[in-house]
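Structure first, commentary second.
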Amino acid sequence: MAESKATNRLDRGPILVLWTTLAIGALLAGIWVSTPGPIPALRLAIRLTARTSFALFALAFSAAPLRVLVPGAFSSYLIQNRRYLGLSFGISHLYHLGAIVLLIGQGNASRAGGAAAFLPGGFLYLWIFFMMATSSNRAVRWVGPTRWALLHRMGMYFIFLGFLKGFGLPLAQDPLTYGPLFALLMAVLALRLWAWKIQKRRADLAPALH
């Protein structure tokens, strides 16, 4: 019985990735069927997947600070499934990339950001692929826990900068759309800084308690 419960716990993460993949795929299929014309459908798909990617990234990015600031069942769930939230983010962003490539194939490179956008974006996607490929215990042992943690932490901040660019550049032109997204992004960063300050304060106080 104990072994069965442990197996169920281990299965929760992969099921999260599976359901995320199916749910986003179903939404995109619905957009394709219900939107007149491929170009409007692809533009809508790009906007949708940018937001699903951001939601999944925000959950993974805020897991550790929430455990410090608001310990409880929700933050524990995020920590336990942070790897799978990251994989779900990667899949969502692959959908996003696919929609961009298809839109460019329709002769709308300017609407997708142009070829120049693929220079920083291409680097970011390579890092996302690396993080997805190394999201396993075997990869942690192969790379080494310290190097693995450093590379994945760097990757998270590269992704953060990607969202900062994606939400920040069009903010002046469309504040109603991008203002809330930009504010949420800043709030997630503030959470990490707040948690870091609390942990540093605890570390500074620890020697005085001994």
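List of remarks:
- Single residue of segment 40-77 satisfying the filter (more than 11 Å from ALA99 (Cβ to Cβ) and among the β-branched types (Val, Ile, Thr)) that is surrounded by the fewest Cβ atoms within 10 Å (Cβ to Cβ): VAL70
- Some residue of segment 20-38 being modelled with pLDDT under 95, surrounded by 13 or more Cβ atoms within 10 Å (Cβ to Cβ), in contact with a Gly (Cβ under 6 Å, 6 or more places away or on another chain) and not in a helix (DSSP H, G or I): no
- Considering segment 80-109, and only residues there that are in a loop (DSSP other than H, G, I, E, B) and of a type in the set (Gly, Ala, Ser), the residue that is surrounded by the fewest Cβ atoms within 10 Å (Cβ to Cβ) turns out to be GLY107.
- Scanning segment 183-210 for residues that are open to solvent by 60 Å² or more (accessible area, probe 1.4 Å) and either touching a strand residue (DSSP E or B) at 6+ places or on another chain (Cβ under 8 Å) or farther than 30 Å from SER135 by Cβ (or both) gives ARG201, ASP204, LEU205, PRO207, ALA208, LEU209, HIS210.
- Which numbered condition VAL140 misses (of (1) of a type outside the set (Gly, Ala, Ser); (2) free of Cβ contacts under 8 Å to residues at least 60 places away in the same chain; (3) open to solvent by 50 Å² or more (accessible area, probe 1.4 Å)): (3)
- Test: residue in segment 102-122 that is modelled with pLDDT of 90 or more and more than 14 Å from the chain's Cα centre (by Cα): yes
- Across segment 143-160, the qualifying residues are those that are more than 29 Å from ARG47 (Cβ to Cβ) and either modelled with pLDDT under 90 or in a helix (DSSP H, G or I) (or both), and the one among them that is most open to solvent (accessible area, probe 1.4 Å) is ARG147.
- Residues that are open to solvent by less than 70 Å² (accessible area, probe 1.4 Å), touching a Gly at 6+ places or on another chain (Cβ under 8 Å), over 17 Å from MET131 (Cα atoms) and in contact (Cβ under 8 Å) with a residue 12 or more places away in the chain do occur in segment 161-182.
The values are calculated or read from the model by the stated rules, or taken from the named source; none is laboratory data. On a predicted model such as this, the values are computed, not experimentally measured, just so you know. We place every Cβ from the backbone using ideal geometry, glycine too, and count neighbours over all the protein chains shown. Surface areas here come from the heavy atoms of the whole protein model, side chains and all, with no ligands, DNA or RNA. Shrake-Rupley method; radii C 1.70, N 1.55, O 1.52, S 1.80 Å.
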